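K.L.:
Mind looking over this structure? Questions follow.
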Amino acid sequence: MQSGALKKRQRLGSSTNLTRISSSNLSLPSSPPSDDPPLSSALLRPGGFNDFSSSDVLLRLQLHPSLSPAPSIDLYLHSPPLRRSRYFSALLSDRWSKGTFSSGGGDSLLLNLNVPAFDAHVSVLRLLYSPDLSGAIASPSDALSLLSVALELLFDDLIGACVRYLEAVPWTEEEERAVLSAVPFLNPDESAVLLARLTPDGADDAAEEMLQGLVHAAIGGTEPKVATVKAFVARVLRDFSPRDTVRRVLVRVFVSSLAKVKELLEAYWRPDVRGDRDELEAKQRLNLHSAVAKGRHLLWVVERMVELGVAEEAVEEWSEQGAFAGDLEKGFRDDAFRNIAPGLPTIMMRCTCRLANAVTAGEVLAARQVRLKLVKDWLPVLKVCRDNVSPIPSGQKLLYQELEETFLRIISTLPMSDAQKLLQECLTFSTRNVEDCPHLVLAFNTWFRRANGSTNNVDSA
């Protein structure tokens with residue numbers, strides 16, 4: 001019987017050679033020959049494991065027969081402990097040999113067992129003599145090594161001990177693979193105990209639920225701890241596959257986060273009129289502060305979607321926010337609004353810029369109508385952000401200029417008639433300094449070149 005591969009526990013191996021020998025015609029040494037691998041003296045206990053004087057079974061462990069000569073070990077064993085193994089019990093039954101075995105100087109039985117290595121098999125055979133297996137396993141690697149042999153020899157008590165140990169301790173990735181390879185050879189109860197750690201309990205979408213919970217934890221905390229949580233969750237999202245699961249999770253969170261920002265702004269513009277003036281102003285201030293916080297979370301979600309290449313739905317949804325963009329335009333013109341929430345314009349423009357850049361970079365192949373509405377609805381908001389703050393802080397100026405350039409690149413992808421209308425709305429890009437808008441000059445030059453080229457082509461035809 002080869003022990004290199006696990007055998008089904010319902011089957012018995014057939015490669016063990018069983019020979020009836022007699023102590024009267026075979027001189028058995030009291031210890032293994034000197035050229036055999038030595039056994040620990042702790043294994044040589046009178047009346048117990050490897051005791052020649054009382055043995056009724058000689059088990060010869062032999063390394064793979066392809067080796068010549070094949071190294072071997074002789075072990076002097078006893079049929080009662082061996083019967084704890086259903087494999088040996090079958091070999092020792094009346095179906096395999098007739099008669100009885102006598103202890104001491106009586107007849108003995110010779111069994112030959114081919115093994116890939118000695119240590120694990122000797123350890124398992126020794127454990128056949130031990131009534132308590134609880135202390136026999138010191139590590140997961142020990143458990144896996146013993147489990148392989150226990151499954152081969154159908155040593156059920158040891159199989160159960162190995163499974164109980166493995167269920168209770170952590171595994172390395174390599175050990176986990178070894179556990180998975182052993183699971184098919186366990187009975188249903190034993191395999192279920194180990195698989196419970198490796199497979200979700202009756203939920204095909206458990207991974208998706210876990211991801212969504214992580215994302216909500218990242219955007220639901222409070223500063224400063226939330227920054228660390230966001231960084232960790234971003235790492236998990238980058239490492240996770242398949243991307244479709246990440247897409248579904250982030251789309252849901254994007255939609256809900258955007259809805260929350262819109263709800264808070266709606267509450268600011270259309271407040272509950274009950275209560276006195278001071279109470280009303282406090283509620284409006286709280287709504288705007290909350291909108292800024294939710295806006296930061298929304299920006300984080302947008303950045304993750306763009307980073308992971310799953311921003312298609314976000315771009316399309318952002319292009320449908322004409323009414324929301326109108327409310328923002330109105331708010332950014334209002335001094336009180338800007339004083340309460342000075343960071344909101346930058347947050348909303350960063351969301352717009354990230355999504356628009358994904359379009360111009362070809363990361364999101366947006367339909368023509370989506371591209372048109374994205375620029376048409378959000379260009380007025382950009383213009384308000386540029387024109388209503390003077391001087392523009394350097395960080396915001398760079399952001400607004402980047403978004404200007406991005407919008408102009410998107411306009412260049414639209415039909416000439418649409419581009420003509422939108423370019424005229426971009427003239428304010430030059431109002432601060434004509435030398436500071438080469439992107440606008442390039443956009444108009446491109447449009448006129450195309451217009452002139454089209455006329456010339458028509459005339460020549």
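K.L.:
Anything in segment 211-225 that is out of contact with any Ser or Thr (no Cβ under 8 Å at 6 or more places or on another chain), more than 15 Å from Ser290 (Cβ to Cβ) and surrounded by 15 or more Cβ atoms within 10 Å (Cβ to Cβ)? List them, or say none.
P.N.:
Gln212, Leu214, Val215, His216, Ala218
K.L.:
Here's a follow-up. With the structure loaded, tell me whether Glu307 is surrounded by fewer than 17 Cβ atoms within 10 Å (Cβ to Cβ) and modelled with pLDDT of 95 or more or whether it fails that test.
P.N.:
yes
K.L.:
Name the pairs whose Cβ atoms lie under 7 Å apart, with the first residue in segment 255-279 and more than 11 Å from Ala291 (Cβ to Cβ), the second assigned to a helix (DSSP H, G or I) and at pLDDT below 85, and 6 or more positions between them or separate chains?
P.N.:
Qualifying pairs under 7 Å: Pro271/Leu280.
K.L.:
Follow-up. Residues to consider are Ala358, Ala291, Ala311; find the one that is more than 22 Å from Ile411 (Cβ to Cβ), under 37 Å from the mean Cα position of the chain (by Cα) and not polar (S, T, N, Q).
P.N.:
Every option except Ala291 fails the conditions.
K.L.:
Could I ask something else about it? How many residues, within segment 195-210, are open to solvent by less than 50 Å² (accessible area, probe 1.4 Å) and part of a loop (DSSP other than H, G, I, E, B)?
P.N.:
1
K.L.:
On the given criteria, is Phe444 at pLDDT below 90 and surrounded by 15 or more Cβ atoms within 10 Å (Cβ to Cβ)?
P.N.:
When the stated conditions are applied, Phe444 does not pass them.
K.L.:
Which is buried (at least 17 other Cβ atoms within 10 Å of the Cβ) and under 30 Å from Glu281 (Cβ atoms), of Leu372, Leu382?
P.N.:
Selected residue: Leu382, the only one of Leu372, Leu382 that is buried (at least 17 other Cβ atoms within 10 Å of the Cβ) and under 30 Å from Glu281 (Cβ atoms).
K.L.:
Pull up segment 429-440, narrow it to residues that are in a helix (DSSP H, G or I) and over 48 Å from the mean Cα position of the chain (by Cα), then point me to the one that is modelled with the lowest pLDDT.
P.N.:
Val434
K.L.:
Name the helices (runs of 4 or more DSSP H) wholly within segment 262-352 that hold at least 1 residues that are β-branched (Val, Ile, Thr) and on the phi < 0 side of the Ramachandran plot?
P.N.:
Ranges flagged: 277-307, 312-319, 335-340.
K.L.:
Please determine whether any residue of segment 340-348 is under 27 Å from the mean Cα position of the chain (by Cα) and open to solvent by less than 30 Å² (accessible area, probe 1.4 Å).
P.N.:
Within segment 340-348, not a single residue is under 27 Å from the mean Cα position of the chain (by Cα) and open to solvent by less than 30 Å² (accessible area, probe 1.4 Å).
K.L.:
Quick test of your reading of the structure: Ile73 fulfils all but one of (1) under 25 Å from Leu158 (Cβ atoms); (2) at pLDDT below 90; (3) among the hydrophobic types (A, V, I, L, M, F, W, C). Name the failing condition by number.
P.N.:
Checking Ile73 against (1) under 25 Å from Leu158 (Cβ atoms); (2) at pLDDT below 90; (3) among the hydrophobic types (A, V, I, L, M, F, W, C), the one that fails is (2).
The values are calculated or read from the model by the stated rules, or taken from the named source; none is laboratory data. All values derive from a computational prediction rather than experimental measurement. Backbone-built Cβ (ideal geometry, glycine too); neighbour counts: all protein chains shown. Accessible surface areas use protein heavy atoms only, side chains included; no ligands, DNA or RNA. Shrake-Rupley method; radii C 1.70, N 1.55, O 1.52, S 1.80 Å.
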